[in-house]
Amino acid sequence: MSQYQTMIARERKWMFYLLAILVLGAGFTPYLRIFLGLLLGSVVSFYNLYLLQKKTKDVTEAAGQGKSVRGIGTLSRLAAVALAVVIALRYEDYFHIIAVVIGLMTSYLVIMIDFFVHESKK
(Lines give C-alpha, C1' and ligand atoms only; values in the text may rest on other atoms or scores of the structure.)
Protein backbone atom coordinates (compact mmCIF):
# COMPACT_ATOMS: atom_id res chain seq x y z
CA MET A 1 0.00 0.00 0.00
CA SER A 2 1.38 3.40 -0.96
CA GLN A 3 2.00 6.13 1.57
CA TYR A 4 -0.94 8.12 0.19
CA GLN A 5 -3.28 5.14 0.59
CA THR A 6 -2.23 4.61 4.21
CA MET A 7 -2.75 8.31 4.91
CA ILE A 8 -6.27 8.11 3.43
CA ALA A 9 -7.05 5.03 5.53
CA ARG A 10 -5.80 6.74 8.72
CA GLU A 11 -7.82 9.90 8.10
CA ARG A 12 -11.01 7.98 7.35
CA LYS A 13 -10.50 5.86 10.47
CA TRP A 14 -10.13 8.95 12.66
CA MET A 15 -13.20 10.54 11.09
CA PHE A 16 -15.24 7.39 11.87
CA TYR A 17 -14.00 7.51 15.47
CA LEU A 18 -15.00 11.16 15.72
CA LEU A 19 -18.44 10.47 14.26
CA ALA A 20 -18.94 7.64 16.77
CA ILE A 21 -18.02 9.97 19.64
CA LEU A 22 -20.49 12.57 18.36
CA VAL A 23 -23.27 9.97 18.13
CA LEU A 24 -22.56 8.95 21.73
CA GLY A 25 -22.56 12.60 22.76
CA ALA A 26 -25.93 13.15 21.09
CA GLY A 27 -27.35 10.06 22.72
CA PHE A 28 -26.10 10.43 26.27
CA THR A 29 -25.72 14.15 27.00
CA PRO A 30 -28.32 16.88 27.47
CA TYR A 31 -26.68 18.93 24.67
CA LEU A 32 -28.61 17.30 21.83
CA ARG A 33 -28.75 20.36 19.51
CA ILE A 34 -25.02 20.97 19.77
CA PHE A 35 -24.05 17.35 19.15
CA LEU A 36 -26.53 17.01 16.29
CA GLY A 37 -25.07 20.15 14.74
CA LEU A 38 -21.56 18.81 15.15
CA LEU A 39 -22.69 15.49 13.71
CA LEU A 40 -24.34 17.08 10.67
CA GLY A 41 -21.30 19.24 9.97
CA SER A 42 -18.90 16.35 10.50
CA VAL A 43 -20.83 14.03 8.19
CA VAL A 44 -20.73 16.64 5.42
CA SER A 45 -17.07 17.25 6.22
CA PHE A 46 -16.37 13.51 5.93
CA TYR A 47 -18.19 13.44 2.59
CA ASN A 48 -16.08 16.38 1.42
CA LEU A 49 -12.92 14.61 2.60
CA TYR A 50 -13.92 11.53 0.61
CA LEU A 51 -14.59 13.63 -2.51
CA LEU A 52 -11.30 15.49 -2.15
CA GLN A 53 -9.31 12.27 -1.74
CA LYS A 54 -11.06 10.67 -4.73
CA LYS A 55 -10.52 13.69 -6.97
CA THR A 56 -6.88 13.96 -5.88
CA LYS A 57 -6.34 10.35 -6.86
CA ASP A 58 -8.07 10.91 -10.20
CA VAL A 59 -5.98 14.00 -10.94
CA THR A 60 -2.68 12.26 -10.12
CA GLU A 61 -3.59 9.24 -12.26
CA ALA A 62 -4.59 11.49 -15.16
CA ALA A 63 -1.37 13.49 -14.83
CA GLY A 64 0.64 10.26 -14.93
CA GLN A 65 -1.11 9.26 -18.14
CA GLY A 66 -0.80 12.72 -19.71
CA LYS A 67 -4.55 13.37 -19.71
CA SER A 68 -6.38 16.46 -18.50
CA VAL A 69 -9.00 16.57 -15.77
CA ARG A 70 -11.83 19.05 -15.28
CA GLY A 71 -11.11 19.94 -11.66
CA ILE A 72 -11.06 18.76 -8.08
CA GLY A 73 -14.76 19.11 -7.33
CA THR A 74 -14.81 22.40 -5.50
CA LEU A 75 -18.32 23.22 -6.61
CA SER A 76 -19.78 19.93 -5.38
CA ARG A 77 -18.03 20.31 -2.01
CA LEU A 78 -19.34 23.87 -1.63
CA ALA A 79 -22.83 22.68 -2.56
CA ALA A 80 -22.66 20.03 0.19
CA VAL A 81 -21.65 22.70 2.70
CA ALA A 82 -24.49 24.97 1.55
CA LEU A 83 -26.95 22.08 1.91
CA ALA A 84 -25.78 21.44 5.49
CA VAL A 85 -26.19 25.11 6.39
CA VAL A 86 -29.65 25.25 4.79
CA ILE A 87 -30.70 22.13 6.74
CA ALA A 88 -29.39 23.65 9.96
CA LEU A 89 -31.19 26.94 9.33
CA ARG A 90 -34.43 25.20 8.34
CA TYR A 91 -34.47 22.92 11.39
CA GLU A 92 -33.10 25.25 14.08
CA ASP A 93 -34.88 23.24 16.78
CA TYR A 94 -32.64 20.26 16.05
CA PHE A 95 -29.31 21.72 14.87
CA HIS A 96 -27.13 24.42 16.39
CA ILE A 97 -25.80 26.48 13.46
CA ILE A 98 -22.45 27.32 15.06
CA ALA A 99 -21.91 23.65 15.86
CA VAL A 100 -22.63 22.81 12.21
CA VAL A 101 -19.99 25.30 11.05
CA ILE A 102 -17.48 23.89 13.54
CA GLY A 103 -18.35 20.37 12.38
CA LEU A 104 -17.70 21.37 8.77
CA MET A 105 -14.08 22.06 9.71
CA THR A 106 -13.42 18.70 11.37
CA SER A 107 -11.92 16.95 8.35
CA TYR A 108 -9.34 19.71 8.03
CA LEU A 109 -8.47 19.34 11.71
CA VAL A 110 -8.16 15.58 11.24
CA ILE A 111 -5.84 16.12 8.26
CA MET A 112 -3.62 18.52 10.23
CA ILE A 113 -3.52 16.36 13.35
CA ASP A 114 -2.74 13.27 11.27
CA PHE A 115 0.09 15.13 9.55
CA PHE A 116 1.66 16.35 12.80
CA VAL A 117 1.31 12.97 14.52
CA HIS A 118 2.75 11.13 11.53
CA GLU A 119 5.64 13.59 11.16
CA SER A 120 6.48 13.41 14.86
CA LYS A 121 6.92 9.63 14.56
CA LYS A 122 9.60 10.05 11.88
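The values are calculated or read from the model by the stated rules, or taken from the named source; none is laboratory data. All figures in this text were calculated on a predicted structure; none of them were measured in a lab. Don't worry about glycine lacking a Cβ; one is built from the backbone with ideal geometry, like all the others, and counts go over all protein chains shown. We work out accessible area using only protein heavy atoms, side chains counted, and drop any ligands, DNA or RNA first. Shrake-Rupley method; radii C 1.70, N 1.55, O 1.52, S 1.80 Å.
Overview of results
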| quantity | calculated |
| --- | --- |
| In sequence order, calculated HN-Hα J values of the stretch 24-37 (Karplus, 6.51, -1.76, 1.60; Hz; x Gly/Pro) | 5, x, 5, x, 10, 10, x, 9, 4, 4, 5, 5, 5, x |
| Net length gained if the chain between A63 and I113 were fully extended (0.36 nm per residue, minus Cα distance) | 15.2 nm |
| Separation of alpha-carbon centers, the stretch 1-30 and the stretch 59-88, rounded to whole Å | 22 Å |
| For the chain, accessible area per residue (1.4 Å probe, heavy atoms of protein chains only), Å² | 68 Å² |
| Among the listed pairs K67/K122; K13/K57; K13/K55; K13/K121; K67/K121, those beyond 26 Å (Cα-Cα) | K67/K122; K67/K121 |
| Label point distance in nm, I97-T6, each placed 7 Å from Cα along Cα→Cβ | 4.4 nm |
| Accessible area of the stretch 1-85 belonging to carbon and sulfur atoms, whole % at 1.4 Å probe | 70 percent |
| Relative contact order for the chain, counting Cα pairs under 8 Å that sit 6 or more residues apart, in percent | 35 percent |
| Sparse-neighbour loop sites [chymotrypsin sites (Phe, Trp or Tyr not before Pro); the stretch 12-47; at most 15 other C-beta within 10 Å; DSSP] | Y31 |
| Average Cα contact separation per residue, the stretch 23-84, under 8 Å, 6 or more apart, as relative contact order % | 30 percent |
| Sorted peptide list for 91-99, 68-76, criterion being average Cβ within 10 angstrom, highest first | 91-99, 68-76 |
| Area projected by the alpha carbon convex hull of the stretch 6-105, averaged over all directions, nm² | 6.7 nm² |
